[in-house]
Amino acid sequence: MRYKLYLQIALLLLAAGQPSFGKRIIVDNSSIIKAVAKASPGDTIYVTKGLYKESNIIIDKPLSLIAEEGAVIDGQFHGHIVNIQSDSVTVKGFTLKNVKQSYTKEYAAIHTYKSSHFIIENNTLRKAYFGILIENSKFGIIRNNNIIGEAVREENSGNGIHCWHSARLQIYNNHIERMRDGIYFEFVKHSEITGNVSMNNVRYGLHFMFSNNDRYVGNTFENNGAGVAVMFSNRIAMLNNTFRLNWGSASYGLLLKEIYDAEIKENIFYKNTIGVNADGANRINFRNNTFDNNGWAIRFLGACYGNRIINNNFMHNALDISYKGNMNGNIFDKNYWSEYTGYDLNKDNIGDVPYRPVKLFSYVVNKTPETIILLRSLFVDIINFSEKVSPIMTPDNLKDNRPLMNPIENNDRS
């Protein structure tokens with residue numbers, strides 16, 4: 001009997017400690033700010049269709065802010081629109097517009113500060129100085145948002161999804177256009193960017209610095225002013241992404257600056273001025289990528305050590321490889337080169353003579369960029385042939401000893 005009594009008391013205490021389901025508060029053409037103020041932790045605030053002219057909606061308790069289709073919040077250029085300052089907050093389904101522009105503060109349509117376990121999804125953002133601004137936050141999900149800005153110049157525009165000093169973020173299936181940078185990471189770790197489209201941005205489709213142990217999978221970065229920049233970061237994985245149509249005198253599909261221990265696999269680099277621009281890139285595995293119709297496929301600048309370029313397709317690029325300095329342990333092996341004219345007598349799909357991907361003209365262009373206008377001339381064909389017969393200026397040991405006769409089959413996302 002005493003045992004049963006103790007068990008009943010324990011069960012009652014356990015039940016008393018469980019959180020109850022919150023109530024539902026409906027906002028029907030009234031104040032969202034007032035609804036948040038009177039809500040209790042765990043409540044759901046449901047905002048009906050209509051135009052709500054409010055800004056700096058501070059959410060300082062765990063709750064869900066859910067919109068009916070057609071619910072629009074006009075921030076009237078007064079600062080942040082939704083400002084999350086609590087854990088376990090959901091913001092879903094709103095159209096948010098008209099965020100204040102400032103040269104001293106980063107105002108956003110949705111802002112989180114020291115928040116965790118938040119969800120920001122299915123929102124449409126227009127005329128946002130910054131779209132979604134994440135600061136000192138972790139374990140957040142940002143998905144299925146549509147962010148389109150009106151950026152023209154870098155100095156008076158903000159980023160689509162801007163994350164600073166955060167961790168364990170999942171950013172996926174967002175569409176971002178015409179911002180300064182589509183997605184921006186600084187001091188962000190153990191996070192994943194998946195399935196996003198970032199295009200037509202003034203500067204970078206993706207820009208991240210000092211951010212380690214992150215993954216970027218299945219994204220499309222198209223027609224951005226300077227492409228994608230990955231800088232001062234370690235242990236990065238970039239898989240199945242498409243970098244396309246990033247053209248310009250200072251543009252590239254992917255810039256690698258002071259990067260260590262990265263996996264760059266199964267990506268498409270299509271019609272970029274430079275597919276990959278590597279400067280201080282070390283111990284990177286380039287595998288199963290396709291470089292198609294770029295100006296330069298890969299341009300290695302100084303201080304690149306221990307990189308492995310294996311099983312990639314180099315197809316119809318103006319210049320496949322540009323290289324400076326010694327080999328430094330970099331390996332080129334079993335790649336397909338569309339310019340390769342060797343033979344395969346034993347039919348094992350591996351060329352019987354090595355391929356030298358660095359042409360003399362590439363060396364000349366590095367020294368004198370203006371000579372690029374001679375690219376398709378007979379003169380260039382002659383000097384490239386002479387250097388191929390008797391290498392003098394290009395690295396003698398930079399060659400693929402086992403070039404493939406046929407392209408590697410990858411998903412064509414060009």
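The values are calculated or read from the model by the stated rules, or taken from the named source; none is laboratory data. Note that the structure is predicted; figures quoted are calculated from it, not measured. Virtual Cβ from ideal backbone geometry, glycine too; neighbours counted across all protein chains shown.
Are any of the residues in segment 310-318 at pLDDT below 95, within 23 Å of LYS271 (Cα to Cα), among the aliphatic types (A, V, I, L, M) and not in a loop (DSSP other than H, G, I, E, B)? Checked against the condition, which is being at pLDDT below 95, within 23 Å of LYS271 (Cα to Cα), among the aliphatic types (A, V, I, L, M) and not in a loop (DSSP other than H, G, I, E, B), segment 310-318 yields no hits at all. Of all residues in segment 261-315, those that are among the hydroxyl-bearing types (Ser, Thr, Tyr), surrounded by fewer than 24 Cβ atoms within 10 Å (Cβ to Cβ) and closer than 25 Å to GLY225 by Cα total 2. Counting the residues of segment 23-49 that are within 36 Å of the chain's Cα centre (by Cα) and not basic (Lys, Arg) gives 11.
Flag set for ASN285, criterion: polar (S, T, N, Q) and part of a strand (DSSP E or B). Of all residues in segment 30-54, exactly one satisfies the criterion of being in contact (Cβ under 8 Å) with a residue 40 or more places away in the chain and either in contact with a helix residue (DSSP H, G or I) (Cβ under 7 Å, 6 or more places away or on another chain) or more than 21 Å from ILE119 (Cβ to Cβ) (or both), namely VAL47.
With respect to the conditions (1) under 21 Å from ARG153 (Cα atoms); (2) surrounded by fewer than 21 Cβ atoms within 10 Å (Cβ to Cβ); (3) small (Gly, Ala, Ser), GLY253 lacks only one, and its number is (2).
Residues that are surrounded by 24 or more Cβ atoms within 10 Å (Cβ to Cβ) and among the polar types (S, T, N, Q) within segment 164-190 comprise SER166, ASN174, listed in sequence order.
Could you go through segment 149-161 and let me know if any residue there is part of a strand (DSSP E or B) and surrounded by fewer than 23 Cβ atoms within 10 Å (Cβ to Cβ). No, segment 149-161 contains no residue that is part of a strand (DSSP E or B) and surrounded by fewer than 23 Cβ atoms within 10 Å (Cβ to Cβ). For SER251, the criteria (1) assigned to a strand (DSSP E or B); (2) within 27 Å of ASN146 (Cβ to Cβ); (3) among the small types (Gly, Ala, Ser) hold in every case but one, which is (1).
With respect to the stated conditions, GLY158 fails to be under 24 Å from ALA67 (Cα atoms), of a type outside the set (Lys, Arg) and touching a residue at least 40 places away in the same chain (Cβ under 8 Å).
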